[in-house]
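One structure below.
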Amino acid sequence: MSTKTTSYKWYQRKQKIIPYLFLAPNLAIFITYIIVPAVMGAYYSLTSFDGLHDPKFIGLKNYVELFTDDPRFIDALLNTFKYVGVTVPLTFVAALGLAYIVVSIFRGKSFFRASYYWPVMISTIVVGVMWQWILGDTFGLVNVFRNAIGLEKMQTLTNPTFAWWTTVFVMVWSRAGYYMVMFMGGLLSIPRSLYEAADIDGANRFQQFFRITLPVIKPTCILVLILSTMQIFKVYPMVVTLTGGGPYNATRYIVQHIYETAFEYYEVGYASAMSVVMLIVVTIFSAINFAVTKGGER
Amino acid sequence: MKKRQGSKVLYVFAIFFALVCLVPVVYIILNAFKPSSELYSATPTFLPRQWTLSNFTEALQKGRFGTYIFNTLFVATVSTIIMVTINTMSGYALAKFKFRGSSIILIIILSTIMLPLEVIMVPVFSVLKATGLYNSLWALIIPSAATPTGIFIMRQYLLTVPNELMESARIDGAGELRIFAQIIVPNAKPAIATLGIFSFMWRWNDYVWPLIAISDPDKYTLQLAISNFSGEYAVDWNSMIAMAAISMVPMLIIFLIFQRQFVQGIQTAGLKG
């Protein structure tokens, strides 16, 4: 009898350890490669550190310098704000429009859905290479067409304005299909009877869109806004192969600035302070999105 | 009558946007088969006038792209296997066991979704050096195997597996590992497939991790190699375009085969594409 109870106790104790064992490999990686770096980064941001010698604690000096004495950082940050401010709404509209098309048409649904999603499967590095080839100054199609109709050659990716808008367009091109799929989930969940009732009441397409469609898919809208803001805020790989941040820093955004500060100028402490600022900004963006839309409540 | 007009307009838009998405990709892939004389021509054609494989052979021989393709395949495959295994284990623990700290662990895991790698890339570099993974392909495999989204979808899926299956196995005296391997894994197949496909694509297309973790050209992945070549003063477009084509074609094929998993994965868990 007594052996039975001890073995039962032992079994119970074993059962308690088991979930931790199943979690262990994942948690070990998490702690080593996410939590520890996050804490280290926060500490680095308070130090003067070149990546080689020991970090020297200097308090908030990095942060003060960032905002009072570093026009390059401020430029990169403001440029990123401008980029997010333009690209997020365009991506939103494009994704919703594509989802609307795919949901509404009768023939070829899966063909069109697949076509619109295709660009999402391509790595951002290759997306940059592609569009550099297509829109570049020398071999790009823009000048091929201008040449064909007898116009003079124009500057494309070496023109700051053209290059900036190209980074906007290419981002929308490569991401819209992804958010389209999210919107499709929302649009398909709207009961048809709502539209039928609205038809009977004589509501037109626009009224139906703003009074029925948008309110019902509001949670999806918020998710898309938050995810796309985060995604677009950290634009970098695409820019590496598309414009390299140029011309004249026109397409230089914050992640590139952080990367170069840390890995090319070895100002690791200073770059860490930039990372912390970026994290705070991204979090505030998400919080504002969430607050403005009242967290998806209708 | 009015409705039909409307849907015609819709089709015009649908076809226009399909062309915007497809034509550039197809154009680049076709360009990979053009000889230099056509590639740099002032009057390029959509289809190659003369088809050639020389861009590919040159990239593989001179550019050592064979090594980069092998590295990328190795990383994507091994990382996917490890990731699916440990994420399923964690999802199982979080879905099917009651234990102290489970909800805190879940919250911490989920909150790291909001912490992009770009924010911690500077200290991650130090950690990679300290743990001896720097400049090794394992630096691309191990850290990225523990994704919060992966744990989340496995947990959500396993919540739907009935507890009775495990309980009756326990009464029959099956060990915990056996229960996991013979009951949980077979029941989680659809979620495992979805996660596996996404993981393979993430690793194949990955750029920021390799950028931080690898400096030895022998360990370059495709994306890292392509980006480095594009930064050179005189870009060798023949090899670049051939490699761009080689990099994207496998993903496009995977997508055509597994379309359904992609759509479900995004709609249920917001998996980033």
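No lab work stands behind these numbers, since they all come straight from the coordinates. None of these values were measured; they are calculated from a predicted model. Here the Cβ positions follow ideal geometry from the backbone for every residue, glycine too, while neighbour counts run over all protein chains shown.
Ordered by residue, what ³J(HN,Hα) values in Hz, to whole numbers, does region A:29-38 give under the Karplus form 6.51 cos²θ - 1.76 cosθ + 1.60, where θ = phi - 60° and Gly and Pro are x?
Those phi angles translate into 5, 4, 5, 5, 10, 10, 5, 4, x, 4 Hz.
Debye sum, Cα scatterers, region B:110-178, no solvent: what log₁₀ I/I(0) at q = 0.13, 0.19, 0.25, 0.28 1/Å?
The calculated log intensity ratios at q = 0.13, 0.19, 0.25, 0.28 Å⁻¹ are -0.62, -0.85, -1.13, -1.23.
Cα atoms only, region B:1-90: Rg and Dmax in Å?
Values for region B:1-90 (Cα only, Rg and Dmax): 21.7, 62 Å.
With θ set to phi - 60° and the Karplus curve 6.51 cos²θ - 1.76 cosθ + 1.60, what are the ³J(HN,Hα) couplings of region B:115-131 in order, to the nearest whole Hz, using x for Gly and Pro?
Here the 3J(HN,Hα) series is 10, x, 3, 4, 7, 10, 5, 5, x, 4, 4, 4, 5, 4, 5, 5, 8 Hz.
Anyone know which of A:T161, A:T47, A:T229 comes out most mobile in the 10 Å Cα GNM of chain A?
Ranking A:T161, A:T47, A:T229 by mean-square fluctuation puts A:T161 first.
Which of the listed residues, B:L224, B:W204, B:I257, is farthest toward the dipole's positive end in chain B, when Lys, Arg count +1 and Asp, Glu count -1 at the beta-carbon?
B:I257
With the convex hull built on the Cα atoms of region A:113-229, state its orientation-averaged projected area in nm². If you can, show how the numbers build up before the last one.
On the way: hull surface 42.1 nm².
Result: a mean projected hull area of 10.5 nm².
In vacuum, with every alpha carbon of region B:53-209 counted as one equal point scatterer, what does the Debye formula give for log10 I(q)/I(0) at q = 0.17, 0.20 Å⁻¹? Two decimals, please.
-1.06, -1.27
With 10 angstrom as the radius, rank B:S7, B:S227, B:S168 by how many other C-beta atoms surround their C-beta, starting from the fewest. It would help to have the intermediate numbers written out before the result.
Details: B:S7 14, B:S227 24, B:S168 11.
So the residues, fewest neighbours to most, are B:S168, B:S7, B:S227.
Which value in deg cm²/dmol, rounded to the nearest 500, describes the helix-derived mean residue ellipticity at 222 nm for chain B, given -39,500 (n - 2.57) per DSSP H run of n ≥ 4 and division by the residue count?
Estimated from H runs of four or more residues: -22500 deg cm²/dmol.
In sequence order, what are the phi-derived ³J(HN,Hα) couplings for region A:116-133 according to the Karplus relation 6.51 cos²θ - 1.76 cosθ + 1.60 with θ = phi - 60°, rounded to whole Hz, with x for glycine and proline?
Couplings: 5, 7, 3, x, 5, 6, 8, 5, 5, 4, 5, 4, x, 4, 3, 6, 5, 5 Hz.
If we count other beta carbons within 10 Å of each Cβ, what is the order of A:H53, A:H257, fewest first?
The order, fewest Cβ neighbours first, is A:H53, A:H257.
If amide hydrogens are placed 1.01 Å from N in the peptide plane, which non-local residues have theirs closer than 5 Å to the one on A:T47?
Amide H to amide H, under 5 Å and 5 or more residues apart or across chains, A:T47 pairs with A:I58.
Name the residues whose placed amide hydrogens come within less than 5 Å of the amide hydrogen of A:G244, ignoring near sequence neighbours (fewer than 5 apart) on the same chain.
none
Write down the radius of gyration of chain B and its Dmax, each obtained from C-alpha positions, in Å.
23.2, 76
How long is the gain from B:D218 to B:I107 if the chain were fully straight, where each residue apart is worth 0.36 nm and the alpha carbon distance is subtracted?
In short, 36.0 nm is gained.
Efficiency by 1/(1 + (r/R0)^6): what FRET value for A:K61 and A:F106, r their Cβ-Cβ distance, R0 = 51 Å, to the nearest 0.05? Mind showing how you got there, number by number?
On the way: r = 64 Å, r/R0 = 1.25.
E(calc), rounded to 0.05, equals 0.20.
What residue among B:V122, B:V208, B:V84 has the largest mean-square fluctuation in a Gaussian network model of chain B, using Cα springs under 10 Å?
B:V122
Taking only the C-alpha atoms, wrap a convex hull around the protein assembly as shown and report its volume per residue in Å³ as a whole number.
Cα convex hull per residue, to the nearest whole number: 200 Å³.
Over the Cα atoms of chain A, how large are the radius of gyration and the largest Cα-Cα distance (Dmax), in Å?
25.5, 100
With springs only between Cα atoms under 10 Å apart, run a GNM on chain B and tell me which of B:M154, B:M240, B:M114 wobbles the most.
For chain B, modelled as a Gaussian network with Cα springs under 10 Å, the answer is B:M114.
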